[in-house]
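The values are calculated or read from the model by the stated rules, or taken from the named source; none is laboratory data. Small disclaimer: the values here were computed from a predicted structure and weren't measured. Cβ: placed from backbone, ideal geometry, glycine included. Neighbour counts: every protein chain shown. Side chains are part of the model used for accessible areas, which takes the heavy atoms of the whole protein and leaves out ligands, DNA and RNA. Shrake-Rupley method; radii C 1.70, N 1.55, O 1.52, S 1.80 Å.
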Amino acid sequence: VVVTQGDKEIVSDKVIYSGANRTLTTDGSSVLSSGEYTVHTDSPAQYDLDKKTISLQQSKYQMNGSVMNGEAKEHVNDGVEKTKLFKKATLSGCPIDRRSWHLYSSSISMKEGDSFGEAWNDVFFMGPVPVFYTPYANFPITNERKSGLLPAMVEYKSGSGLSYELPIYLNLAPNYDATVTPGHDS
């Protein structure tokens with residue numbers, strides 16, 4: 001079954017329409033595609049036609065035009081509020097079957113028209129090992145820039161010891177910026 005509305009498309013083994021509740025519920029394997037990403041789930045997905053919300057469970061997603069992909073225990077796309085919510089979600093740039101790193105978040109939200117999304121309780125994993133935790137992070141969902149920390153560089157050399165650098169990006173104006181890199185070299 002193929003259901004299309006605007007730039008959204010649902011392809012599923014079976015779709016049940018409830019006229020009384022004005023809902024579509026998928027049964028079996030389903031793929032939801034939009035301009036931003038493609039989502040796959042084997043669990044039932046529910047589309048509320050009045051509220052314009054799509055709710056999915058146990059989904060895998062791929063960002064279109066990018067290598068970024070992940071999984072979410074719960075995913076709600078609200079067409080009226082123009083928000084996307086992912087709960088207990090992962091994000092990685094590695095192929096799903098060969099993950100050398102991934103980011104886990106208890107909750108990720110994005111709103112259409114905003115330049116930045118938000119994530120809570122983020123844990124960065126290298127393979128199966130957690131290496132970094134932060135209670136909150138925001139991230140760009142457009143090409144808009146803002147000041148902040150860039151990835152740190154830490155190095156240990158057996159004759160000279162430990163050194164590190166922590167670059168700080170400064171968005172000074174729309175047409176110019178600066179990066180300041182304080183550090184320590186033993």
* Extending each Cα 7 Å along its Cβ direction at residue 43 and residue 11, get the distance between those two points in nm, one decimal. => 2.3 nm
* **Farthest toward positive dipole pole in the stretch 1-55 [+1 Lys/Arg, -1 Asp/Glu at C-beta], among 53, 34, 20** => 20
* Structure fact -> Taking r as the C-beta separation of residue 121 and residue 173 and R0 as 30 Å, the FRET efficiency to the nearest 0.05 is 0.30
* Asked: Using a 1.4 Å probe, how large is the accessible area of residue 38, given in Å² and rounded to the nearest 10?
  -> 40 Å²
* Asked: Taking the Cα centre of the chain as the origin and placing charges on Cβ (Lys, Arg +1; Asp, Glu -1), which of 170, 2, 148 is farthest toward the positive end of the dipole?
  -> 2
* What is the Cα centroid distance between the stretch 1-26 and the stretch 137-186, reported in whole angstrom? -> 46 Å
* Structure fact -> Treating only Lys and Arg (+1) and Asp and Glu (-1) as charged, each at its beta carbon, one finds that the chain has a dipole about its Cα centre, in Debye to the nearest 20, of 200 debye
* Asked: Under a 1.4 angstrom probe, counting protein chains only, how are 29, 100 ranked by accessible area, largest first?
  -> 100, 29
* Structure fact -> The orientation-averaged projected area of the Cα convex hull of the stretch 50-108, in nm², is 4.3 nm²
* **Heavy atoms of residue 139: accessible area, 1.4 Å probe, square angstrom to 10** => 60 Å²
* In debye to the nearest 20, how big a dipole does the stretch 2-103 give about its Cα centre with +1 on each Lys and Arg Cβ and -1 on each Asp and Glu Cβ? -> 260 debye
* Structure fact -> Rounded to whole angstroms and listed largest first, the alpha-carbon spread of the stretch 1-98 along its three principal axes comes to 44, 28, 23
* **log₁₀ of I(q)/I(0) at q = 0.21, 0.24 Å⁻¹ - the stretch 76-142, Debye sum with one point per alpha carbon** => -0.89, -1.05
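Looking at the P(r) of the stretch 29-186, how many percent of alpha-carbon pairs lie beyond 26 Å?
The answer is 40 percent, as a whole percent.
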* To do: Mind checking which lysines have their Cα closer than 28 Å to the Cα of residue 84? Skip sequence neighbours fewer than 8 apart in that chain.
  => 8, 14, 51, 52, 60, 73, 111, 146
